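**Q** Okay, handing you the structure first.
The values are calculated or read from the model by the stated rules, or taken from the named source; none is laboratory data. What you are looking at is a predicted structure, and each value in this text was computed from that prediction instead of being measured. Quick reminder, even Gly has a Cβ in these numbers, built from the backbone with ideal geometry, and neighbours come from all protein chains shown.
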Amino acid sequence: MHVNGIAHTLTLDHRTTVLDALREHMDLTGTKKGCDHGQCGSCTVLVDGRRANSCLLLAVAHDGARITTVEGLAGDGRLHPLQEAFVARDALQCGYCTPGQLCSAVGMLAEAADGRPSLVTDPHRPSSEPVVLTRSEIQERMSGNLCRCGAYPGIVAAIEDVAP
Ligand code: FES
């Protein structure tokens with residue numbers, strides 16, 4: 001696997017999830033294990049550019065995949081704009097869900113820019129155009145990432161700050 005631009009060659013039990021491979025075999029503990037059932041979103045990473053719950057992915061099925069975790073979002077000594085916005089908007093309390101929220105938001109912005117619709121997108125809009133990220137679009141597209149602390153207003157505000 002290529003994780004945050006670094007190639008890793010691993011020998012793993014075939015039942016190992018991508019989440020456990022990251023945390024237990026690469027010491028990348030930024031990605032969090034919440035429910036371990038694909039329901040909370042705290043383990044969200046980007047796999048070949050698309051967001052996914054890493055607790056539901058088997059590592060052996062992702063031989064050669066390019067994975068980005070929260071540790072890989074910052075670059076050139078600077079936080080990712082979404083990370084800066086989360087700080088500015090105080091978009092967290094305990095912070096356990098935050099790595100997943102950030103990776104999901106990065107993936108979500110790309111999906112909207114690609115014109116991919118959500119449940120609340122106007123079905124009559126031209127499919128080739130980027131989706132305008134209204135507050136309801138952001139809420140719907142981030143609905144797979146739960147926050148037990150209820151930091152949702154700050155999370156949505158931070159994403160609004162970064163959305164085009
Ligand atoms: Fe605590 Fe989201 S900040 S679960």
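**Q** Output the number of the condition that Lys32 fails; it satisfies all remaining conditions of (1) part of a loop (DSSP other than H, G, I, E, B); (2) crowded, with 16+ Cβ neighbours inside 10 Å; (3) away from the ligand (no atom under 16 Å from the Cβ).
**A** The failed condition is (3).
**Q** Return the only residue of Val3, Val47, Val60, Val18 being among the β-branched types (Val, Ile, Thr) and either modelled with pLDDT under 95 or within 22 Å of Val162 (Cα to Cα) (or both).
**A** After ruling out the rest, the residue left standing is Val47.
**Q** Do you know which of the residues in the range 73-101 that are of a type in the set (Gly, Ala, Ser) and over 20 Å from Met142 (Cα atoms) is nearest to the ligand (Cβ to nearest atom)?
**A** Ala74
**Q** Is at least one residue of the range 9-26 surrounded by fewer than 18 Cβ atoms within 10 Å (Cβ to Cβ), of a type in the set (S, T, N, Q) and closer than 24 Å to Arg148 by Cα?
**A** So far as the range 9-26 goes, no, none of its residues is surrounded by fewer than 18 Cβ atoms within 10 Å (Cβ to Cβ), of a type in the set (S, T, N, Q) and closer than 24 Å to Arg148 by Cα.
**Q** Looking at (1) on the phi > 0 side of the Ramachandran plot; (2) assigned to a strand (DSSP E or B), find the lone condition where Asp27 falls short.
**A** Here Asp27 meets the rest and fails (2).
**Q** Next up: Please work out which residue is farthest from the ligand (Cβ to nearest atom), limiting yourself to the range 102-160 and to residues that are small (Gly, Ala, Ser), surrounded by 17 or more Cβ atoms within 10 Å (Cβ to Cβ) and touching a residue at least 40 places away in the same chain (Cβ under 8 Å).
**A** Taking the candidates together, the pick is Ala112.
**Q** Just to verify a result, which residue in the range 22-61, among those that are acidic (Asp, Glu) and under 16 Å from the mean Cα position of the chain (by Cα), is farthest from Ala105 (Cα to Cα)?
**A** Asp36
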